[in-house]
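Single-structure report; data block below.
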Amino acid sequence: MALAQVSSNKCSGGYQKVFEHDSTELKCKMKVAVYLPPKAENEKCPVFYWLSGLTCTEQNFITKAGSQQAASEHGIIIVAPDTSPRGCNIEGEDESWDFGTGAGFYVNATQEPWKTNYCMYTYVTEELPRLINANFPTDPEKMSISGHSMGGHGALICALKNPGKYKAVSAFAPICNPIQCAWGQKAFSGYLGEDKKTWEAYDATVLAASYSGPQLDILIDQGRDDQFLSASQLLPDNLIAACSEKKIPVVFRLQPGYDHSYFFIYSFITDHIKHHAKFLNA
């Protein structure tokens, strides 16, 4: 599981690095961004995994979100993978922005021609932590997960499907109920097939309704002026209802004036890292 360094930049006292590796799950080369805080020079650190949204690569979060300062202060390693396999030469992979390349949806595809490469769920929950723990000074028991939009969906399902694995979870404008929205229906029918029962395994609202495990404290920020909120792509109310039924604590903050962009993420990322630090550094 060799990692080749692509770039390294000093940032907030630590280093923002990007690596490339051959993924066994995705059967292609993958890039992953890793922020190492100053603390990592001589101590083990917890790891915060960030999952980006549609069309993103590992670059968007590290260049736009401004997460490094808070990660530096709290002694947290941040790992931000790409959003899909790349260059697999699958017919149709580059035809639309919300399916295929840049739109892996953090599921394990079961349908041809996607199932060989599009196993982002296992990549994020198993292969990537193994790789990171083998190559960096991590505390393998202390990991958390967050993300934006499609990545917020990814973070929520990873936490809900693996009780106790992640010490904290948060999301920005997540796709909360993909089986009920156009983005989710398009992706799930393509990756998982037409049997909608199989879709439920990757829907945060459905998973929350049947969650049983250690308490999970969820933080969600949502811009009130987000065009995808008004287009019914995100459906946070459905997730909040399911969580409240199961007594899963959710802090949901509707932020007036904010949209779906990285300007919104930049504005509240420090709150999210503090939320994670509370559980990771406990």
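The values are calculated or read from the model by the stated rules, or taken from the named source; none is laboratory data. The model shown is predicted, which means the values in this text are computed figures rather than measured ones. Glycine also receives a Cβ, built like all others from the backbone with ideal geometry; neighbour counts cover every protein chain displayed. Protein only, heavy atoms only, side chains kept; ligands, DNA and RNA dropped before computing areas. Shrake-Rupley method; radii C 1.70, N 1.55, O 1.52, S 1.80 Å.
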Just from the alpha-carbon atoms, what are the Rg and Dmax of region 78-229 in angstroms?
15.3, 43
With only Lys, Arg, Asp and Glu charged, each at its Cβ (+1 for the first two, -1 for the last two), find how big the charge dipole of region 139-208 is about the Cα centre; round to the nearest 20 debye.
80
Relative to the compact-globule scaling 2.2 N^0.38 Å, provide the ratio for the alpha-carbon radius of gyration of region 3-44.
1.34
Express the carbon and sulfur contribution to the solvent-accessible surface of the chain as a percent, rounded to the nearest whole number, probe 1.4 angstrom.
48
Relative pair counts by distance (%), Cα atoms of region 1-154, 10 Å bins
12, 43, 34, 10, 1
What is the sum of charges, Lys and Arg at +1 and Asp and Glu at -1, for the other residues whose Cβ falls under 15 Å from the Cβ of G102?
-3
Over all Cα pairs of region 25-84, how is the pair count split among 10 Å bins, expressed in % and running from 0 up to the last occupied bin?
23, 49, 24, 4
Take region 139-282, drop everything but the C-alpha atoms, weight them equally and run the Debye formula without solvent; then report log10 I(q)/I(0) at 0.21 Å⁻¹ to two decimals.
-1.32
Net charge around G213, counting only other residues with Cβ within less than 14 Å of its Cβ (Lys, Arg = +1; Asp, Glu = -1)?
+4
Using a 1.4 angstrom probe on the protein heavy atoms only, line up L36, L254 by accessible area, largest first.
L254, L36
Given the -39500 (n - 2.57) contribution per DSSP H run of 4+ residues, what per-residue ellipticity at 222 nm results for the chain, rounded to the nearest 500 deg cm²/dmol?
-8500 deg cm²/dmol
Too long at a 23 Å Cα-Cα cut-off: which of K142/K274; K246/K274; K64/K115; K31/K161; K165/K196?
K246/K274; K64/K115; K31/K161; K165/K196
Find, to one decimal place in angstroms, the Kirkwood hydrodynamic radius of region 204-256, where the mean of 1/r is taken over every pair of different Cα atoms and then inverted.
11.8
Which residue, C176, C158, C11, tops the fluctuation ranking in a GNM of the chain built on C-alpha contacts under 10 Å?
C11
Given a 1.4 Å probe, the accessible area of region 1-93 per residue, as a whole number of Å², is 41
Would you tell me the accessible area of S244, worked out with a 1.4 angstrom probe on the heavy atoms of the protein chains, in Å² to the nearest 10?
80
Ignoring solvent entirely, what values of log10 I(q)/I(0) come out of the Debye formula for the chain at 0.12 Å⁻¹ when each Cα is a single scatterer?
-0.68
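What chymotrypsin sites (Phe, Trp or Tyr not before Pro) does region 1-101 have in DSSP loop regions with at most 15 other beta carbons within 10 Å?
Values: sites: Y15, F19, Y35, F48, Y49, W50, F61, W97, F99; in loops: W97.
Those that pass, being in a loop and sparsely packed, are W97.
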Can you grab the distance from the C-alpha centre of region 230-261 to the C-alpha centre of region 109-123, Å, no decimals?
28
Where in region 126-156 does the label zone of A2 land, with the point 7 angstrom along Cα→C-beta and an amide N cut-off under 20 Å?
128, 130-136
So which trypsin sites (Lys or Arg not before Pro) in region 193-262 pass both tests, a DSSP loop state and at most 15 other Cβ atoms within 10 Å of the Cβ?
R224, K246, K247
In the chain, once you exclude exposed GluC sites (Glu not before Pro) (DSSP loop, at most 14 other Cβ within 10 angstrom), what's the longest stretch remaining?
96-193
